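These notes are about the structure you will find just below.
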Amino acid sequence: MKIAIQGIPGSFHHQVAINCFGTEVEIVGYRIFEEVAKCVAQGTCDYGVLAIENSIAGAILPNYELIDRYNLTIKDEYYLPISHNLMCLKGQKIEDLAEVRSHPMALLQCKKFFENYPQIKLVDDVDTASVAKRIREEKIKGIGAIASMTAAQIYSLEVLASDIQTVKNNFTRFIILQKPTLDLGLVKPNKASIKVTVNNEKGILAKLLSHMSGSGLDLSKIQSIPVIEKPWEYSFFIDTEFEDYDAFKTAIAEINSSFGSVKIFGEYQNRK
Ligand SMILES: O=C(O)C(=O)C[C@]1(C(=O)O)C=C[C@@H](O)C=C1
């Protein structure tokens, strides 16, 4: 089985792939999220792992658009506790660093820590672990990485500061993507991710939300995304939790007929 991720061993995506699929599978690393979506859509990999939101830094909006554009299905979700660490070549001190590189989401989660080090420039890079690897392989001085303890161990870097994210209790929600399938598995889903493109009518969003709550659908996330072909119109990406799967199906049919069009991205088990 082939699992697509963005990143290399020591990255958080790699950790999630192992936690969800074990160590016997082949984990294929890509440089950007779009390549992950593309290879799952093309069938080169069976599943893809994609970070979708973080409890400090918020949603990764472009990833919602990828799921939509590549017509992928969300099979499952996974919440990983995230601890970030500042690391560099052995023997260096924090005063020696002019630059710290990492994945943009990781940098956002650690912004506060660096307020005390204004001389350090924060620079976006591909993923957390590949910066650690590069520092080690090219023996780069003066540049630090923000990455996991696993990355520090794999690439033999010295940890200058641990748990540097703005709040200790930090989670990233990942989704497991696959090609569209009708297979719901044995257990009935109790969570779904949908996109609703609402009709352009006054008060429609308020009506939609009250219809959902009246149907027993608990809203766990709502995100507006621009409809790019129609400037200033929006679709809503909604995550909803429910107890009664049949009531969910009925509510979706009603939303489709009275509020706008619905696209279901996935029906799965709530893992929070
Ligand atoms: O660079 C990594 O290690 C990743 O797995 C990427 C990523 C992300 O995309 O949000 C994953 C979890 C953390 O939130 C920080 C970075």
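General observations
- Between PHE265 and SER193, ILE194, LYS195, the built amide H atoms are under 5 Å apart, and every one of these is 5 or more places off in sequence or on another chain.
- Scattering curve values for segment 1-101, log₁₀ I(q)/I(0), Debye with Cα scatterers, q = 0.21, 0.22 Å⁻¹: -1.11, -1.19
- Taking every DSSP beta bridge that has both ends in the chain, the antiparallel portion is near 75%.
- Other-chain or far-sequence residues with amide H under 5 Å of VAL28's (modelled H): ILE3, ALA4, ILE5
- Label-to-label distance for SER213 and SER83 is 3.9 nm, based on points extended 7 Å past Cα in the beta-carbon direction.
- Relative contact order of segment 10-85, taken over Cα pairs closer than 8 Å and 6 or more residues apart, is 30 percent.
- Neighbour-count order for GLU65, GLU26, fewest beta carbons within 10 angstrom listed first: GLU26, GLU65
- Per-residue [θ]222 nm for the chain (sum of -39500 (n - 2.57) over DSSP H runs n ≥ 4, rounded to 500): -8000 deg cm²/dmol
- Placing unit charges on each Cβ (+1 for Lys and Arg, -1 for Asp and Glu) gives the chain a dipole about its Cα centre, and among LEU209, LEU177, ALA192 the Cα reaching farthest toward its positive end belongs to LEU177.
- Rounded to two decimals, the Cα-based Rg/Rh of the chain, with Kirkwood Rh, is 1.03.
- Given charges at Cβ of Lys, Arg, Asp, Glu: the chain dipole, positive-most of THR250, VAL40, GLN153: GLN153
- Cut-off 14 Å between beta-carbons: net charge of the residues surrounding MET105, Lys and Arg +1, Asp and Glu -1: -1
- Principal axes of segment 85-161: Cα extent on each, largest first, Å: 28, 24, 18
- ³J(HN,Hα), Karplus 6.51/-1.76/1.60, whole Hz, each residue of segment 266-272, x for Gly, Pro: x, 10, 7, 8, 5, 10, 6
- Charge sum, other residues only, whose C-beta stays under 12 Å from THR197's C-beta, Lys/Arg counted +1 and Asp/Glu -1: 0
- For segment 109-185, GluC sites (Glu not before Pro) are listed when DSSP marks them as loop and at most 12 other Cβ atoms sit within 10 Å of their Cβ; the list is GLU138.
- Value of relative contact order over the chain, rounded to a whole percent, pairs C-alpha under 8 Å and six or more apart: 23
- Sparse packing (at most 16 other Cβ atoms within 10 Å of the Cβ) combined with a DSSP loop state is found for the following trypsin sites (Lys or Arg not before Pro) in segment 5-96: ARG31, LYS90, LYS93.
- ³J(HN,Hα), Karplus 6.51/-1.76/1.60, whole Hz, each residue of segment 20-30, x for Gly, Pro: 8, 10, x, 9, 7, 7, 8, 9, 9, x, 10
- Amide hydrogen proximity for ALA161: with H placed 1.01 Å from N in the peptide plane, the residues at 5 or more positions away or on another chain lying under 5 Å are LEU86.
- The simple spin-label model puts a point 7 Å past each Cα toward its Cβ; for GLU201 and SER162 those points are separated by 5.7 nm.
Read-outs: derived from the displayed coordinates by stated rules, not from any lab. Fair warning: this is a prediction, and the values are worked out from it, not measured in the lab. Please note: Cβ atoms are built from the backbone with ideal geometry, for glycine as well, and neighbour counts cover all protein chains shown.
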